[in-house]
Amino acid sequence: MQRCATCIILILSASLAMAQIPQRTLRPAEEQSTQSVAVQTADYAISVGAFVAAKAGVNTAVAKGRKTDLNFNPLPDLGISIFAPFQAGGRIGAGVDFGYATYSFVNKPESGVTDANSIVERYSYVNIFPHVNLSGVVLGVNIGFSPSGRAQTKSGNDVTVVTDGTRELGSEHLGTLVELRLGGNFTVWEHQAGHLNLYVMAGYTVSGLYSDYRTYIYSRDNYTTPSADNNPRPASLAVGLAYYFRIPIK
């Protein structure tokens with residue numbers, strides 16, 4: 001009995017001691033609370049804006065007996081531009097421009113050049129320009145529709161450059177424009193709502209401007225046989241500004 005009483009007293013003493021020790025509840029690892037780290041990610045947004053650019057050009061396909069020269073367009077190119085990044089906050093993505101552009105160059109004889117025989121040819125198109133944008137470097141193919149054209153001497157007289165004598169050129173003479181473009185669209189100032197970009201674009205027309213090169217008077221080398229090699233293919237450089245608004249996409 002004495003041993004039993006002693007054992008009972010020891011058990012009670014141990015129980016009281018255990019009661020004074022703070023208890024921890026063990027949980028499986030997947031149920032343990034962990035401190036979460038908040039990672040802020042930018043909301044996905046597209047950029048929509050407008051651009052305006054001054055442009056100059058030359059003709060890269062010139063008949064023998066003629067020369068070309070640089071011409072600055074009196075009216076700027078202008079349009080609407082859309083950019084969609086491949087990921088939120090990114091500067092690499094795809095875009096498309098919708099615009100109105102003019103391609104011009106000087107066409108003059110090899111010798112005896114005057115303002116009366118130097119011809120400024122101008123061709124205007126409504127353009128769609130899908131492209132990729134690699135952190136500001138832009139590459140794509142521009143397609144031009146609804147063409148119109150006109151030619152004047154530097155002295156200001158209207159002249160014809162087609163065999164039927166028409167001075168107001170249209171779709172009956174001119175075809176769809178296909179132009180390779182390489183340039184830059186770099187942010188120079190930005191804030192939360194949008195950004196201002198420097199717009200620089202070089203273009204080379206791979207399609208001749210005339211749907212039938214034989215209707216173009218200056219497709220003839222030294223005024224003899226027409227050649228598709230002399231179908232005008234302007235090269236141009238445009239420099240301007242573009243402003244974009246950021247539009248969040250939920």
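The values are calculated or read from the model by the stated rules, or taken from the named source; none is laboratory data. A quick note: this is a predicted structure, and the numbers were derived from the prediction, not measured. Here the Cβ positions follow ideal geometry from the backbone for every residue, glycine too, while neighbour counts run over all protein chains shown.
Given (1) free of Cβ contacts under 8 Å to residues at least 60 places away in the same chain; (2) over 16 Å from LEU177 (Cβ atoms); (3) surrounded by 15 or more Cβ atoms within 10 Å (Cβ to Cβ); (4) touching a His at 6+ places or on another chain (Cβ under 7 Å), identify the lone condition not met by VAL138.
All conditions pass for VAL138, except number (1).
Take the residues in segment 69-84 that are in a strand (DSSP E or B), over 12 Å from the mean Cα position of the chain (by Cα) and not polar (S, T, N, Q), then tell me which one is surrounded by the most Cβ atoms within 10 Å (Cβ to Cβ). Walk me through how you get there before you give the answer.
Step one: of segment 69-84, the residues in a strand (DSSP E or B) are 69, 71-72, 77-84.
Going one step further and asking which of them are over 12 Å from the mean Cα position of the chain (by Cα), we end up with 69, 71-72, 77-78.
If we keep only those that are not polar (S, T, N, Q) too, we end up with 69, 72, 77-78.
Details: ASP69: 14, PHE72: 9, ASP77: 23, LEU78: 13.
Filtering segment 69-84 for residues that are in a strand (DSSP E or B), over 12 Å from the mean Cα position of the chain (by Cα) and not polar (S, T, N, Q), the one surrounded by the most Cβ atoms within 10 Å (Cβ to Cβ) comes out as ASP77.
Please enumerate the residues belonging to segment 54-68 that are surrounded by 18 or more Cβ atoms within 10 Å (Cβ to Cβ) and of a type in the set (Lys, Arg).
Scanning segment 54-68 gives LYS55, ARG66.
Does LEU182 satisfy being touching a residue at least 12 places away in the same chain (Cβ under 8 Å) and more than 24 Å from the chain's Cα centre (by Cα)?
On the way: touching a residue at least 12 places away in the same chain (Cβ under 8 Å): yes; more than 24 Å from the chain's Cα centre (by Cα): no.
In short, no.
Examine segment 36-52 for a residue that is more than 29 Å from the chain's Cα centre (by Cα), surrounded by 10 or more Cβ atoms within 10 Å (Cβ to Cβ) and either modelled with pLDDT under 95 or under 23 Å from ALA193 (Cα atoms) (or both), and state whether such a residue exists.
No: zero hits.
Where the second residue is modelled with pLDDT of 95 or more and assigned to a strand (DSSP E or B) and the first is of a type in the set (Lys, Arg) and lies in segment 114-133, which pairs have Cβ atoms under 6 Å and are six or more apart or on separate chains?
ARG122/THR102; ARG122/SER104; ARG122/ARG150
Within segment 213-241, can you find the residues that are under 33 Å from the mean Cα position of the chain (by Cα) and free of Cβ contacts under 8 Å to residues at least 24 places away in the same chain?
TYR213, ALA228
Step by step: first the residues of segment 164-195, then only those that are in contact with a Phe, Trp or Tyr (Cβ under 8 Å, 6 or more places away or on another chain) and among the polar types (S, T, N, Q), then the one that is surrounded by the fewest Cβ atoms within 10 Å (Cβ to Cβ). Which residue is that?
Only one residue fits best here, namely THR176.
Looking at segment 85-123, which of its residues are surrounded by fewer than 18 Cβ atoms within 10 Å (Cβ to Cβ), of a type in the set (S, T, N, Q) and at pLDDT 95 or above?
Listed by number, the residues that qualify are THR114, ASN117.
The rows are residues; the columns are (1) farther than 20 Å from VAL206 by Cα; (2) part of a loop (DSSP other than H, G, I, E, B).
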| position | (1), (2) |
| --- | --- |
| VAL52 | yes, no |
| LYS55 | no, no |
| ALA63 | no, yes |
| LYS67 | no, no |
| VAL96 | no, no |
| TYR103 | no, no |
| VAL113 | yes, yes |
| VAL120 | yes, no |
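Could you check how many residues of segment 142-170 are in contact (Cβ under 8 Å) with a residue 40 or more places away in the chain and part of a loop (DSSP other than H, G, I, E, B)?
Here the count works out to 7.
Confirm whether LEU198 is surrounded by 15 or more Cβ atoms within 10 Å (Cβ to Cβ) and assigned to a strand (DSSP E or B).
On the way: surrounded by 15 or more Cβ atoms within 10 Å (Cβ to Cβ): yes; assigned to a strand (DSSP E or B): yes.
Criteria met by LEU198.
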